[in-house]
Amino acid sequence: MQKRYLFTPGPTPVPPEVLAATAEPIVHHRGLDFREIYERSLARLGEVYCTSSPVLLFSASGTGAMDSAVTNLTAAGDRVAVVVAGAFGERWTKICAAYGLDVQRIDYAWGEVPDPVEIGSAVAESGVDLVFCTQSETSTGVVADVQAIKAAVGEATLVVDAVSSLGAVPLETDAWEIDVAVSGSQKALMCPPGLAMASVADHLWERLPSSRSFYFDWRATRKAQEAFDSAFTPAVSLIRGLDVALGMLLDAGLEAAFERHVRLGRATRAGVKAMGLELFSPDDDSSAVVTAIRTPEGIESPALLRHLRERHGVTLAPGQGALKPNVFRIGHIGWFDIFDIAAALAALELALTELGADIERGAAVGRAFEAYEQHVTA
Ligand SMILES: *Cc1c(COP(=O)(O)O)cnc(C)c1O
């Protein structure tokens, strides 16, 4: 039996305490047994989101919460703007198209950092009042400044995809006046896949159109949650896990999580550069969630990842879309520490050498530790 290592940007490793909670006996979702877990999880979610508005919880992957934002905020034919700078920005445009919206794209090359001022002028020019964007574009490693984007779009409603960023980098939903932020359980929230969430600012409720989705109806979900009930049978086992995971995150403190992500990003970048590899993601502290790396000359990323997985039990993530052949990604989201990064780098170095790449050997892990040891001065 080969030991397996998961270093992908979602799903991410899950702490044993959380896994153990998901294995607890099933309780009935309408009884007091579940109510206590549900109430506490929803309160903890609000704390992690830094919001006093309700955070709606769904049994779905992260895309379910994205879908819910489109189906609860729009009517067919509406004009909306989407900031596209990678695979997840593209996903917003596909969901919007599926629901018959007229999409104004605000396009950036994959890997480019979206410019809030440009977004503000594009939105002002077209007069759209609903804008979709991505905080951490997991396909490229870019983290956008959603606080500045909200300030730039002013009165327009801003919907933020925070699936890979919530719990990894700051997202101050209320203080930054983020209207809607969607997320998922399987990234920085250290849970198995299967739960999705959406915060909805108080001021939006009175002018919501009627939901175009039955399952993801925000009003029905909110009404049920207010009674600590659930509209439908929730994923009780996953919510048990979420309760424990959020408790761990809040006990250690959000600031500590944010600092750890910055330092793990530094360590990963220092390590891959020491091998002589070239980064695809930005070479700065904003890129704290996932590191995207170009494969060296003559090596394609699918072959590298297959070799890592088959020979060494190590799973990294491929590039997405057009980046698939020449980019791969190391996640450092959620329950990761410096030893995970050291193992990922050591395995990468070994695999590249076995595949005949001309890389620098023996320096990566040491440099990663040095970079990690410097504390972040805010
Ligand atoms: C993981 C992820 C999603 C959601 O993907 P699912 O597979 O539906 O959970 C959405 N946006 C971003 C930025 C992500 O990283």
Practice prompt. All but one of (1) within 16 Å of the ligand (Cβ to nearest atom); (2) within 18 Å of A60 (Cβ to Cβ); (3) hydrophobic (A, V, I, L, M, F, W, C) hold for F214, so report the exception by its number.
Written response: (1)
Worksheet item: Which one of these is of a type outside the set (D, E) and within 16 Å of the ligand (Cβ to nearest atom): L42, L6, L32?
Response: L6
Discussion item. Being more than 30 Å from W205 (Cβ to Cβ) and buried (at least 16 other Cβ atoms within 10 Å of the Cβ) is true for just one of P9, P54, P16. Which residue is that?
Written reply: P9
Worksheet item: So which of V153, V182 is among the β-branched types (V, I, T), within 10 Å of the ligand (Cβ to nearest atom) and under 16 Å from T134 (Cβ atoms)?
Response: V182
Discussion item. Considering only the range 239-259, I want to know if a residue exists there that is touching a residue at least 12 places away in the same chain (Cβ under 8 Å) and more than 30 Å from A342 (Cα to Cα).
Written reply: yes
Discussion item. Exactly one condition in (1) touching a residue at least 40 places away in the same chain (Cβ under 8 Å); (2) within 19 Å of the chain's Cα centre (by Cα); (3) surrounded by fewer than 21 Cβ atoms within 10 Å (Cβ to Cβ) is false for D284; which is it?
Written reply: (1)
Worksheet, complete the sentence: Checked the range 106-116 for anything of a type outside the set (G, A, S) and either crowded, with 17+ Cβ neighbours inside 10 Å or free of Cβ contacts under 8 Å to residues at least 24 places away in the same chain (or both); matches are I106, D107, Y108, W110, V113, P114, D115, P116
Fill in: One residue from G247, G167, G194, G253 being surrounded by fewer than 16 Cβ atoms within 10 Å (Cβ to Cβ) and either within 16 Å of the ligand (Cβ to nearest atom) or farther than 22 Å from V70 by Cβ (or both)
G253
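Residues checked against (1) of a type outside the set (G, A, S); (2) farther than 25 Å from A188 by Cβ; (3) assigned to a loop (DSSP other than H, G, I, E, B):
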| position | (1), (2), (3) |
| --- | --- |
| K273 | yes, no, no |
| G276 | no, yes, yes |
| P282 | yes, no, yes |
| P325 | yes, yes, yes |
| G356 | no, yes, yes |
| G366 | no, yes, no |
Practice prompt. Report yes if E90 is more than 21 Å from the chain's Cα centre (by Cα) and not aliphatic (A, V, I, L, M), otherwise no.
Written response: no
Response to the item:
Checked L345, L350, L304 against criteria (in a helix (DSSP H, G or I), in contact with a Leu (Cβ under 7 Å, 6 or more places away or on another chain) and among the hydrophobic types (A, V, I, L, M, F, W, C)); the one match is L304
Worksheet item: What are the pairs, 6+ residues apart or on separate chains, where a residue within the range 46-66 that is at pLDDT below 95 and more than 16 Å from the ligand (Cβ to nearest atom) has its Cβ under 7 Å from a residue that is in a helix (DSSP H, G or I) and not acidic (D, E)?
Response: P54/R222; P54/Q225
Worksheet entry | Boolean, T134 is within 16 Å of the ligand (Cβ to nearest atom), touching a helix residue (DSSP H, G or I) at 6+ places or on another chain (Cβ under 7 Å) and touching a residue at least 12 places away in the same chain (Cβ under 8 Å) | yes
Worksheet item: In the range 139-147, is there at least one residue being crowded, with 19+ Cβ neighbours inside 10 Å, over 26 Å from F328 (Cα atoms) and away from the ligand (no atom under 16 Å from the Cβ)?
Response: no
Discussion item. Given the criteria within 11 Å of the ligand (Cβ to nearest atom) and either in contact with an Asp or Glu (Cβ under 7 Å, 6 or more places away or on another chain) or under 29 Å from L45 (Cβ atoms) (or both), does V113 qualify?
Written reply: no
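The values are calculated or read from the model by the stated rules, or taken from the named source; none is laboratory data. Bear in mind the structure is a predicted one, so any value in this text is a computation, not a measurement. Here Cβ is always computed from backbone atoms with ideal geometry, including for glycine, and neighbour counts include all displayed protein chains.
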